[in-house]
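Engineer: Okay, handing you the structure first.
The values are calculated or read from the model by the stated rules, or taken from the named source; none is laboratory data. Everything numeric in this text was worked out from a predicted model, so none of it was measured. Here the Cβ positions follow ideal geometry from the backbone for every residue, glycine too, while neighbour counts run over all protein chains shown. The accessibility values were calculated without ligands, DNA or RNA, using every heavy atom of the protein model including side chains. Shrake-Rupley method; radii C 1.70, N 1.55, O 1.52, S 1.80 Å.
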Amino acid sequence: MHKLTSALIASTALLLSTQSFADDSSASLAAGSVVLTQAADIRMAKEDLTVSPKQVRIRFEFVNDTAHDIDTIVAFPLPDVDLNEFTESPVGTMTGDPVNFVGFAVVADGRRIVPQVEQRAFYQGKDVTAIVRAASVPLNLNDPKFAEITEKLPKAQRKILEDAGLADGESGDAEHPHWLVRTKFWWHQTFPAGKTVVLEHSYQPVTGQSFFTQGDLSGDPKQSEYWTANYCLDAATRATIASRIGGKTASMEAGGMMLAFTTDYILMSGNNWKGPIGHFHLTLDKLKPDDILSLCWDGALKKTGPTTFEAVRDNFAPKSNIRLLVLENAPKQ
């Protein structure tokens with residue numbers, strides 16, 4: 001794995017735990033749910049992907065290599081949103097729409113498409129949508145009425161959730177949810193024989209926030225290992241972060257911390273099309289010149305601007321997803 005060092009990326013520190021979208025995948029409808037499938041006759045000729053903590057943009061070129069038109073369903077799944085985590089964290093740039101809470105937009109060959117949306121609740125691997133709905137609680141915390149409803153939930157409806165292990169009332173007046181929200185966008189798409197179809201997507205990744213302190217560098221070994229394993233923090237980058245934080249004696253009030261932003265993008269679903277991605281172009285944007293950017297990436301990354309880094313791969317079969325860490329200097333109190 002290749003890690004961007006601090007020499008390549010000057011940094012900032014706010015943990016924006018953003019969860020992001022996935023590559024398009026062909027899909028089918030089964031048992032009332034969107035099921036991803038393999039597209040044997042359609043290949044992804046190009047993908048141009050831009051990822052930042054605040055915006056994700058993707059441009060795909062798909063080619064139907066057969067002699068006949070193919071009508072299929074295309075699905076775009078979001079990573080799961082863990083309500084147990086995000087009810088305790090700021091949620092960044094999400095929209096006020098409880099269903100399309102990331103402002104997902106899709107354009108096919110220059111024409112705007114309004115996709116269908118499937119949103120369901122899961123707990124410990126089981127679909128619990130019906131239970132949540134039976135308690136008259138919105139599935140998604142981004143619903144404008146979520147907080148009000150969970151605070152004023154009648155005893156009988158609280159019992160429905162608590163008996164199923166889906167919530168508890170121990171953290172305050174409101175029921176604290178334990179389920180995951182799983183969202184898929186999907187639409188019918190025609191791929192004409194022998195022709196290229198251009199699909200363009202954009203959305204605002206789900207964001208959470210946390211502090212990055214000296215403890216994340218050299219405190220709890222498990223916490224330190226988490227950042228190393230998931231974002232490939234190398235020695236040079238750690239040294240840069242340590243200089244920003246100010247060492248073990250620096251207090252958080254005096255700027256002895258950074259803000260950490262993380263953005264995930266499900267890249268491996270790009271393998272659901274015929275063969276590898278013909279030409280893949282990745283742009284990473286850390287947004288501010290002083291920010292620190294780090295991720296695990298198998299290949300070269302080239303600095304192309306004050307905040308951007310790019311990579312190009314041909315015949316690319318992704319073996320892992322993108323997990324981007326951006327660290328930002330925390331404001332001093």
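Engineer: Does the stretch 158-178 contain at least one residue that is part of a strand (DSSP E or B), among the acidic types (Asp, Glu) and farther than 23 Å from Pro77 by Cα? Don't jump to the end; show me each part of the working.
Structural biologist: Initial filter on the stretch 158-178 (part of a strand (DSSP E or B)): 167-168, 176-177.
Next, only the ones that are among the acidic types (Asp, Glu) stay: 168.
Now drop any that are not farther than 23 Å from Pro77 by Cα, which leaves 168.
Scanning the stretch 158-178, I find at least one residue that is part of a strand (DSSP E or B), among the acidic types (Asp, Glu) and farther than 23 Å from Pro77 by Cα, so the answer is yes.
Engineer: In the stretch 71-87, which residues are in a loop (DSSP other than H, G, I, E, B) and either modelled with pLDDT of 90 or more or hydroxyl-bearing (Ser, Thr, Tyr) (or both)?
Structural biologist: Across the stretch 71-87, the qualifying residue is only Thr87.
Engineer: When the stretch 252-267 is examined, which residues are found to be at pLDDT 80 or above and either assigned to a loop (DSSP other than H, G, I, E, B) or under 10 Å from Pro331 (Cα atoms) (or both)? Give the steps one after another, and end with the answer.
Structural biologist: Applying the first criterion (at pLDDT 80 or above) to the stretch 252-267 yields 257-267.
Once the filter is applied, which keeps residues that are at pLDDT 80 or above and either assigned to a loop (DSSP other than H, G, I, E, B) or under 10 Å from Pro331 (Cα atoms) (or both), the stretch 252-267 yields Met257, Met258, Leu259, Leu267.
Engineer: Let me ask something else. Does Asp109 qualify as being modelled with pLDDT of 95 or more, of a type in the set (Asp, Glu) and open to solvent by 80 Å² or more (accessible area, probe 1.4 Å)?
Structural biologist: Numbers: modelled with pLDDT of 95 or more: yes; of a type in the set (Asp, Glu): yes; open to solvent by 80 Å² or more (accessible area, probe 1.4 Å): yes.
Here the answer is yes, as Asp109 does meet what is asked.
Residues checked against (1) within 27 Å of Lys319 (Cβ to Cβ); (2) assigned to a loop (DSSP other than H, G, I, E, B); (3) of a type in the set (Phe, Trp, Tyr); (4) over 19 Å from the mean Cα position of the chain (by Cα):
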position	(1), (2), (3), (4)
His188	no, no, no, yes
Ala193	no, yes, no, yes
Val197	yes, no, no, yes
Ser243	no, no, no, yes
Ser269	yes, no, no, no
His281	yes, no, no, no
Asp290	no, yes, no, yes
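Engineer: Of the residues His68, His2, only one is open to solvent by 30 Å² or more (accessible area, probe 1.4 Å) and at pLDDT below 75; which?
Structural biologist: Among His68, His2, only His2 is open to solvent by 30 Å² or more (accessible area, probe 1.4 Å) and at pLDDT below 75.
Engineer: Next question. Just for the stretch 258-299: of the residues that are in contact with an Asp or Glu (Cβ under 6 Å, 6 or more places away or on another chain) and among the β-branched types (Val, Ile, Thr), which one is surrounded by the most Cβ atoms within 10 Å (Cβ to Cβ)?
Structural biologist: The qualifying residue surrounded by the most Cβ atoms within 10 Å (Cβ to Cβ) is Ile277.
To keep it simple, each residue is scored yes or no on (1) in contact with a helix residue (DSSP H, G or I) (Cβ under 8 Å, 6 or more places away or on another chain); (2) open to solvent by 20 Å² or more (accessible area, probe 1.4 Å); (3) closer than 20 Å to Val56 by Cα.
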| site | (1), (2), (3) |
| --- | --- |
| Asn100 | no, yes, yes |
| Arg120 | yes, yes, no |
| Ile149 | no, yes, no |
| Glu170 | no, yes, no |
| Trp186 | no, yes, yes |
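Engineer: Please name all residue pairs, on different chains or six or more residues apart, with Cβ atoms under 6 Å, provided the first residue is in the stretch 125-136 and is assigned to a helix (DSSP H, G or I) and the second residue is not charged (D, E, K, R).
Structural biologist: These pairs meet every condition: Thr129/Ala121; Ile131/Ala164; Val132/Ala121; Val132/Leu139; Ala134/Ile160.
Engineer: Further question on the same structure: Which one is most open to solvent (accessible area, probe 1.4 Å), of the residues in the stretch 199-215 that are at pLDDT below 85 and part of a strand (DSSP E or B)?
Structural biologist: Gln209
Engineer: Only one residue in Ala330, Ala317 is touching a residue at least 12 places away in the same chain (Cβ under 8 Å) and closer than 26 Å to Trp273 by Cβ, so which one is that? Walk me through how you get there before you give the answer.
Structural biologist: Working: Ala330 fails: closer than 26 Å to Trp273 by Cβ.
On inspection, the qualifying residue turns out to be Ala317.
Engineer: Kindly indicate whether any position in the stretch 88-98 is part of a strand (DSSP E or B), open to solvent by 40 Å² or more (accessible area, probe 1.4 Å) and either at pLDDT below 90 or under 16 Å from Val181 (Cα atoms) (or both).
Structural biologist: Taking the stretch 88-98 as the starting set, the residues that turn out to be part of a strand (DSSP E or B) are none.
Checking the stretch 88-98: not a single residue is part of a strand (DSSP E or B), open to solvent by 40 Å² or more (accessible area, probe 1.4 Å) and either at pLDDT below 90 or under 16 Å from Val181 (Cα atoms) (or both).
Engineer: Looking only at the stretch 106-158, which residues are of a type in the set (Val, Ile, Thr) and within 30 Å of Val197 (Cα to Cα)? Don't jump to the end; show me each part of the working.
Structural biologist: So the first thing to find is which residues in the stretch 106-158 are of a type in the set (Val, Ile, Thr), and the list is 106-107, 113-114, 117, 128-129, 131-132, 137, 149-150.
Val106, Val107, Ile113, Val114, Val117, listed by residue number.
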